[in-house]
Amino acid sequence: MMMTKDVDTLRRRAAPLDMTAAEFRAAGHGLVDQIAGWLERMPDGPVTHNESPADVRRALNAERGLPASGTEPRELLEEAADLLFRHSLFNGHPRFFGYITSSPAPIGALGDLLAATVNQNMGAWRLSPIATEIEAQTVRWIAELIGFPTDAGGLLVSGGNMANFVCCLAARTVKATSDVRKTGLRSIEPRLRVYCSTETHTWIQKAADLFGLGTDAIRWITTDEQQRMNVSALEKQIDADRRIGELPFLVVGTAGSVSTGVVDPLAEIAAVCRRHDLWFHVDGAYGALAARVPGAPDSLRALTEADSVAVDPHKWLYAPLEAGCVLVRRPEDLLRTFSYRPSYYHFDNEVTNYFDYGPQNSRGFRALKVWLALRQVGRSGYLDMIADDMRLARHLHALVQQHPDFEAMTQHLSITTFRYVPSDLRPKRGLPEIEDYLNRLNEDLLTRVEKSGEAFLSNALVGSRFALRACIVNFRTSLTDIDALLSLLSRLGLQADEEMTR
Ligand SMILES: Cc1ncc(COP(=O)(O)O)c(C=O)c1O
């Protein structure tokens with residue numbers, strides 16, 4: 001017979017996972033000191049470590065089995081921090097110019113600790129009273145910051161993909177000709193069609209796939225020479241689809257494309273949507289947060305006209321991952337899309353219960369880190385930081401325009417694309433074999449930069465040209481870092497060219 005512990009031993013329970021206040025204090029203070037020390041040193045160290053997957057797995061002792069018994073929290077936290085500090089890519093490094101992933105605001109990190117400790121379930125108001133109100137205030141402040149109506153509905157989700165998904169689902173529910181939530185897409189006789197430019201982020205394919213439209217439902221609209229949606233092609237396609245009995249329902253405009261940061265002509269797209277009674281969604285995951293920033297493109301302002309906007313606090317609000325934000329002009333459209341009321345829920349209808357407004361049931365308190373940062377620096381702090389990021393990106397563009405080693409390509413918001421061109425090849429640009437070589441050379445250069453650990457860039461395809469892409473969503477980047485980047489690229493570019501032509 002299996003021996004069980006006498007239930008009496010549980011009268012005063014001492015679970016191995018719990019900590020006394022003194023233990024928590026000691027472990028927490030130790031960790032905070034370690035993080036503060038790293039934050040101080042990190043800008044002077046490498047952006048990333050040139051390690052193989054095998055190196056990383058070895059450092060972790062990846063193959064070991066589940067520990068049979070436990071380890072002291074203090075010792076564990078020290079080890080975990082040390083592993084992360086030695087084997088990570090630091091997007092908070094001043095010379096991280098990679099993807100649209102921001103430097104995380106330190107107050108956001110502390111906010112996450114607080115949020116996790118109080119551990120509110122943000123599904124229902126009663127389970128998270130003040131936290132739900134903080135989320136509602138955060139969503140309203142984000143709307144206010146970008147100039148969207150502050151009585152819009154919205155909630156925080158994990159990121160840009162999810163925020164776009166939620167808006168896309170709302171569009172589908174509202175514009176479908178039948179009760180699509182109940183009967184599914186088969187019930188809709190005409191085929192639903194969604195329109196977006198060829199520069200749209202891949203969330204659109206995932207959405208079309210996940211929500212049963214199928215990726216064939218996407219009408220890819222061509223772009224002009226600046227990679228902005230060609231609005232007359234959009235309208236022609238909508239007309240053509242209507243003529244053959246299909247059901248256009250959604251147009252996606254991008255406010256800051258993932259590749260070059262270009263902003264679609266949002267006002268013109270809004271007018272087409274009004275004319276054809278279509279849902280107008282703006283993917284502003286990256287660029288929407290610049291909408292009211294001096295120096296940002298005027299075309300961003302028309303996002304006010306959208307039915308929905310996706311905005312990413314973990315991009316230009318510098319929130320630690322993860323935080324995306326959904327904004328839907330009419331809050332009832334979110335309720336129509338997501339609300340189910342099971343019999344075992346007895347929640348007050350007078351308050352916001354977020355399970356009714358999005359796909360998640362139990363939800364974490366993502367809003368706290370965003371709310372704290374918004375309060376720490378206020379509107380003016382954000383407008384300044386975003387404007388500074390854009391100023392630095394424009395400055396980089398001006399430098400590469402003048403520099404004999406580089407060719408400038410695009411500059412939008414805080415993304416600058418350019419390429420390294422050895423001086424002897426400058427006059428031969430455009431010849432197929434030279435273009436092919438320049439593509440290979442710049443791809444090689446990108447890898448060298450990453451391996452050096454001295455900076456981190458990403459790439460874009462501009463037409464068929466492989467471009468280096470510097471994206472500044474980073475309040476730690478300064479002019480010194482931009483100068484250092486160009487010296488590094490000149491040095492490594494020369495090295496790559498010599499080795500490839502040897
Ligand atoms: C324009 C745009 N939309 C959507 C996304 C997806 O966002 P996330 O990676 O937060 O899901 C990105 C990511 O860079 C983006 O730039």
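General remarks:
- Filtered residue count, the stretch 200-259, keeping only those that are within 13 Å of the ligand (Cβ to nearest atom), assigned to a helix (DSSP H, G or I) and free of Cβ contacts under 8 Å to residues at least 40 places away in the same chain: 1
- Residue that is farthest from the chain's Cα centre (by Cα), among those in the stretch 143-160 that are part of a helix (DSSP H, G or I) and either within 20 Å of MET122 (Cα to Cα) or more than 16 Å from the ligand (Cβ to nearest atom) (or both): GLU144
- Any hit, the stretch 379-395, residues being among the hydrophobic types (A, V, I, L, M, F, W, C), outside the structural domain of GLY160 (by TED's automatic domain parsing) and without any contact (Cβ under 8 Å) to a residue 24 or more places away in the chain: no
- Taken together, GLU450, GLU435 contain a single residue that is in contact (Cβ under 8 Å) with a residue 24 or more places away in the chain, surrounded by 14 or more Cβ atoms within 10 Å (Cβ to Cβ) and over 19 Å from VAL47 (Cβ atoms), which is GLU435.
- The residue that is nearest to SER257 (Cα to Cα), counting only those in the stretch 460-484 that are part of a helix (DSSP H, G or I) and not charged (D, E, K, R), is ILE482.
- Of everything listed in (1) assigned to a helix (DSSP H, G or I); (2) within 30 Å of VAL293 (Cβ to Cβ); (3) touching a residue at least 12 places away in the same chain (Cβ under 8 Å), the single unmet condition for SER487 is (3).
- The strands (runs of 3 or more DSSP E) located wholly in the stretch 269-341 that include 3 or more residues which are farther than 28 Å from SER232 by Cβ occupy 324-328.
- ALA290 of a type outside the set (S, T, N, Q), within 16 Å of the ligand (Cβ to nearest atom) and either touching an Asp or Glu at 6+ places or on another chain (Cβ under 6 Å) or modelled with pLDDT under 95 (or both): no
- Scanning the stretch 41-54 for residues that are part of a helix (DSSP H, G or I) and under 25 Å from PRO94 (Cβ atoms) yields ARG41, MET42, PRO43, ASP44.
- Test for THR138: is it in contact (Cβ under 8 Å) with a residue 24 or more places away in the chain, in the same structural domain as ASP333 (by TED's automatic domain parsing) and among the polar types (S, T, N, Q): yes
- Residue, surrounded by the fewest Cβ atoms within 10 Å (Cβ to Cβ), within the stretch 413-432, restricted to residues that are in contact with a helix residue (DSSP H, G or I) (Cβ under 8 Å, 6 or more places away or on another chain) and part of a helix (DSSP H, G or I): LYS428
- Set SER299, SER339, SER308: member being surrounded by fewer than 24 Cβ atoms within 10 Å (Cβ to Cβ), away from the ligand (no atom under 13 Å from the Cβ) and touching a residue at least 24 places away in the same chain (Cβ under 8 Å): SER299
- Screening THR410 against (1) buried (at least 21 other Cβ atoms within 10 Å of the Cβ); (2) of a type outside the set (Lys, Arg); (3) under 30 Å from LEU300 (Cα atoms) leaves a single unmet condition, (1).
- Qualifying residue in the stretch 58-81 (condition: in a helix (DSSP H, G or I), among the hydrophobic types (A, V, I, L, M, F, W, C) and closer than 30 Å to LEU489 by Cα): no
- Some residue of the stretch 298-313 being within 26 Å of ALA408 (Cβ to Cβ) and touching a helix residue (DSSP H, G or I) at 6+ places or on another chain (Cβ under 7 Å): yes
- On inspection, GLN401 fails the criterion of being closer than 25 Å to PHE90 by Cβ, part of a helix (DSSP H, G or I) and among the polar types (S, T, N, Q).
- Flag for THR138 being more than 16 Å from the ligand (Cβ to nearest atom) and modelled with pLDDT under 95: no
- In the stretch 162-199, residue farthest from the ligand (Cβ to nearest atom) [restricted to those that are of a type in the set (Ser, Thr, Tyr) and under 26 Å from LYS315 (Cα atoms)]: TYR195
- Among the candidates ASP82, ASP55, ASP18, residue that is within 27 Å of the chain's Cα centre (by Cα) and of a type in the set (Asp, Glu): ASP82
The values are calculated or read from the model by the stated rules, or taken from the named source; none is laboratory data. Every value quoted in this text rests on a predicted model; they were computed, and no experiment measured them. Cβ sites come from the backbone with ideal geometry, for glycine too, and all protein chains shown count toward neighbours.
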